[in-house]
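The values are calculated or read from the model by the stated rules, or taken from the named source; none is laboratory data. These figures come from a predicted structure and were not determined experimentally. Methodologically, a virtual Cβ is constructed for each residue, glycine included, from the backbone with ideal geometry; neighbour enumeration extends over all protein chains shown. Heads up: the accessible areas ignore ligands, DNA and RNA and are worked out on the full protein's heavy atoms, side chains in. Shrake-Rupley method; radii C 1.70, N 1.55, O 1.52, S 1.80 Å.
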Amino acid sequence: MPLLDFSTPAARRDPYPLYRQLQETEPAYFSEAWNAWLLTRYADAESAFKDRRLSANRSSGYAAKLPDAVKEKLKPLIDNLSRWTLLLDPPDHTRLRGLISKAFTPRAVEAMRPRIQSLVSELLDRHSASEHLDVIADLAYPLPTIVIADMLGVPAQDSHLLKGWSDAIASFMGASQLGPEIAGRAVRAVVEMEGYLRIVMEEHRRAPKPNLMSQLLAVRDEGESLSEAELLATCVTLLFGGHETTTNLIGNAVIALARHPEQYRLLRASPERVPAAIEEVLRYDSPVQRMGRVALEDVEYHGRTVRKGDRVFMVMGACNRDPLQFSEPDRFDITRRENRHLSLGYGIHFCLGAALGRLEGQIALAAMVERLPELHVDEAKLQWIDNLTIRGVTSLPLRWTGGKGT
Ligand code: HEM
């Protein structure tokens, strides 16, 4: 198999032919560039998500390739990451996720609906009189940022700070080439964010508010509560987990629908299909393309041995287009019935924010469908993010005249 390069502009724009090549020829492939195994078939990834021989605990692995002096400087970042549910195994994961789930409930998410609806209207109204709307800058980027800021009791005018910190951490975690500069930015982000959040937490301790921050502070389970370090790490996880994912879900939805005008027309004719359309976008062009694990012992896939200590990626972007699982997988079809995509994960780490991400995506898309008769994207201007985990574009200008797309 020739060396597959996912970091070229062409692969960033469209990684799916490379994924298909792997699926057909080497479904368990060791990538030198990623220094990891890539699982590209649905059945393998699904079982890997459940496999206790594969550990989610990989916080220290991020720094493994860096010089010792840089590693020492990374300590505050690695300390924080080591308390993310995303990066923990049972029993630590079970305990922490149990506590967080007591505050971050479906009811708490549903209670956000009116606020999300008015935010989306407000963000779109600002542009209804102007000629252009950048779906990323004007809607998909600020929306999740303000929503999470609200949940954590951070004033909306400071939400850009959260976004900056979260982006610095995302660049670190998804970097195609991790160097001291990206690492340094991520450490500064964590230190600053923790300092900021400590003040917000203190305010909420003194005067609880009806938000997630106060609920997290109040969580108790059989005498246990979240320690301050766990609380800080949880806030950072929620910020990180809820930003880019949701931003790119909305962006990728607009791109897919602009490229498939007949599907957009169908959606406008039957807006009750919006939730199904969001699921199809998650499958067809997932904002999260891959999730990693580390092998705790040797594991076999298709006659290849993943050795203890090796990194493994479930490449959901590929699995969601596996012809063994989905009929006509490369077809974007909002009426698709069988749609058990893996974009929100599977098993014990299944996305904690799934209901919130879906709700934000649905409300944003419903508002666009209501306002825009057609979607016109300038393909030549699309810049795909240089990140192997997160898939999306840096900006997404739509023509928008007097409330109507042209
Ligand atoms: C809508 C877009 C979203 C996508 C595609 C997405 C994707 C994922 C995936 C694939 C996982 C599994 C990770 C693994 O198995 O290692 C995950 C976990 C997680 N997500 Fe999301 N997510 C989204 C939105 C959100 C939002 C809005 C939040 C919170 C505000 C969030 C918070 C989390 C957390 C805390 C976890 C870790 C759960 C655990 O380890 O038990 N996500 N997400």
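For region 312-327, take each phi angle, set θ = phi - 60°, evaluate the Karplus expression 6.51 cos²θ - 1.76 cosθ + 1.60, and give the result in whole Hz per residue in order, putting x for glycine and proline.
3J(HN,Hα) across region 312-327, in whole Hz: 10, 10, 7, 8, 5, x, 7, 4, 5, 10, 7, x, 6, 10, 10, 7.
Could you give log10 I(q)/I(0) at q = 0.07 Å⁻¹ for the chain, computed by the Debye formula over C-alpha point scatterers of equal weight, without solvent?
Log10 of I(q)/I(0), two decimals: -0.32.
Any idea what the relative contact order of the chain is, in percent, if you count C-alpha pairs under 8 Å spaced at least 6 apart?
Details: 622 pairs, mean separation 108.5, N = 406.
Computed over the chain, the figure is 27 percent.
Multiply the residue gap between Ala43 and Glu328 by 0.36 nm, knock off their C-alpha separation, and tell me the result in nm, one decimal place.
On the way: separation 285, 0.36 × 285 = 102.60 nm, distance 1.70 nm.
That pair, Ala43 and Glu328, stretches by 100.9 nm at full extension.
Straight-line reach only, C-alpha to C-alpha below 13 angstrom: list the aspartates and glutamates that Lys73 could link to, leaving out same-chain residues fewer than 8 apart.
Partners within reach: Glu181.
I want to verify a result. In a Gaussian network model of the chain, Cα cutoff 10 Å, which of these has the top mean-square fluctuation: Phe350, Phe313, Phe172?
It is Phe350.
Based on the alpha-carbon gyration tensor of region 117-196, what equivalent-ellipsoid semi-axes (square roots of 5 times the eigenvalues) come out, in whole Å, largest first?
On the way: eigenvalues 158, 55, 14 Å².
Semi-axes from the Cα gyration tensor: 28, 17, 8 Å.
Determine which residues of region 89-121 fall in the zone a paramagnetic label at Glu222 would reach in this model, i.e. backbone nitrogen under 20 Å from the point 7 Å along Cα→Cβ.
89-104
Sort largest first and round to whole Å: the equivalent ellipsoid semi-axes of region 17-110, each the square root of five times a Cα gyration tensor eigenvalue.
On the way: eigenvalues 161, 113, 28 Å².
Over the Cα atoms of region 17-110, the semi-axes work out to 28, 24, 12 Å.
Considering only the other residues whose Cβ falls under 12 Å of the Cβ of Ala11, what net charge follows from Lys and Arg at +1 and Asp and Glu at -1? If you can, show how the numbers build up before the last one.
Details: positive: Arg12, Arg13, Arg391; negative: Asp5, Asp14, Asp386.
Cβ neighbours under 12 Å give a net charge of 0.
In a GNM of the chain with a 10 Å cut-off on Cα contacts, which of Tyr141, Tyr196, Tyr42 has the highest mean-square fluctuation?
Result: Tyr196 has the largest fluctuation of those listed.
At what distance in angstrom do the alpha carbon centres of region 305-383 and region 214-233 lie from each other?
So the two Cα centres are separated by 32 Å.
Taking θ = phi - 60°, what integer Hz values does the Karplus form 6.51 cos²θ - 1.76 cosθ + 1.60 yield along region 369-386, in sequence order, with x for Gly and Pro?
Values per residue, Gly and Pro as x: 4, 5, 8, 10, x, 9, 10, 10, 10, 8, 4, 5, 8, 6, 10, 7, 4, 8 Hz.
Note down the net charge around Leu39, summing +1 for each Lys or Arg and -1 for each Asp or Glu among other residues with Cβ under 11 Å from its Cβ. Intermediate values should be presented prior to the final figure.
Values: positive: Arg41, Arg290, Arg293, Arg304; negative: Glu26, Asp44, Glu46, Asp51, Asp322.
Net of charged neighbours comes to -1.
Once phi is turned into ³J(HN,Hα) by the Karplus curve 6.51 cos²θ - 1.76 cosθ + 1.60 with θ = phi - 60°, what whole-Hz value does each residue of region 13-25 show in order, with x for glycine and proline?
5, 8, x, 5, x, 5, 4, 4, 4, 5, 3, 7, 9
Given H placed on each backbone N at 1.01 Å, which residues far from Gln325 in sequence or on other chains put an amide H within less than 5 Å of it?
none
Over region 178-311, consider all pairs of different Cα atoms and compute the Kirkwood hydrodynamic radius from their mean reciprocal separation; express it in Å, one decimal.
Details: mean 1/r = 0.0516 Å⁻¹.
Hydrodynamic radius (Kirkwood, Cα only) of region 178-311 equals 19.4 Å.
Give me the extension gain from Lys73 to Leu266: residue separation times 0.36 nm, minus the current Cα-Cα distance, reported in nm with one decimal. If you can, show how the numbers build up before the last one.
Values: separation 193, 0.36 × 193 = 69.48 nm, distance 5.32 nm.
Here the answer is 64.2 nm.
Looking at the calculated P(r) for region 335-378, what percent of the C-alpha pair distances fall above 15 Å? Spell out each step's value before the answer.
On the way: 599 of 946 pairs.
Distances greater than 15 Å cover 63 percent of the Cα pairs.
If we sort 202-210, 364-372 on the protection proxy, mean other Cβ atoms within 10 Å, highest first, what's the order? Write down the numbers at each step before the final one.
Working: 202-210: 11.6, 364-372: 20.7.
Ranking the peptides 202-210, 364-372 by packing returns 364-372, 202-210.
Could you tally the net charge around Ser286, taking each other residue with its Cβ under 10 Å from the Cβ of Ser286, Lys/Arg +1 and Asp/Glu -1? Don't jump to the answer; show the numbers that get you there.
Details: positive: Arg283, Arg290, Arg321, Arg391; negative: Asp285.
Charge balance near Ser286 sits at +3.
How much of the accessible area of region 288-399, probe 1.4 Å, is carbon plus sulfur, in whole percent? Present the calculation step by step, with values, prior to reporting the outcome.
Numbers: 2370 of 4990 Å².
Carbon and sulfur: 47 percent of the exposed surface of region 288-399.
Pull up the cross-link candidates among the aspartates and glutamates for Lys163, meaning alpha carbon to alpha carbon under 18 Å and not fewer than 8 places away within one chain.
Asp134, Asp138, Asp150, Glu192, Glu194, Glu244, Glu360, Asp386
Express in nm, to one decimal, how much length is gained between His376 and Ala137 on full extension, taking 0.36 nm for each residue of separation and deducting their alpha carbon distance. All intermediate terms of the calculation are to be shown ahead of the outcome.
On the way: separation 239, 0.36 × 239 = 86.04 nm, distance 1.64 nm.
Between His376 and Ala137, full extension yields 84.4 nm more.
Determine the distance separating the Cα centre of region 100-138 from the Cα centre of region 21-42; give it in Å without decimals.
37
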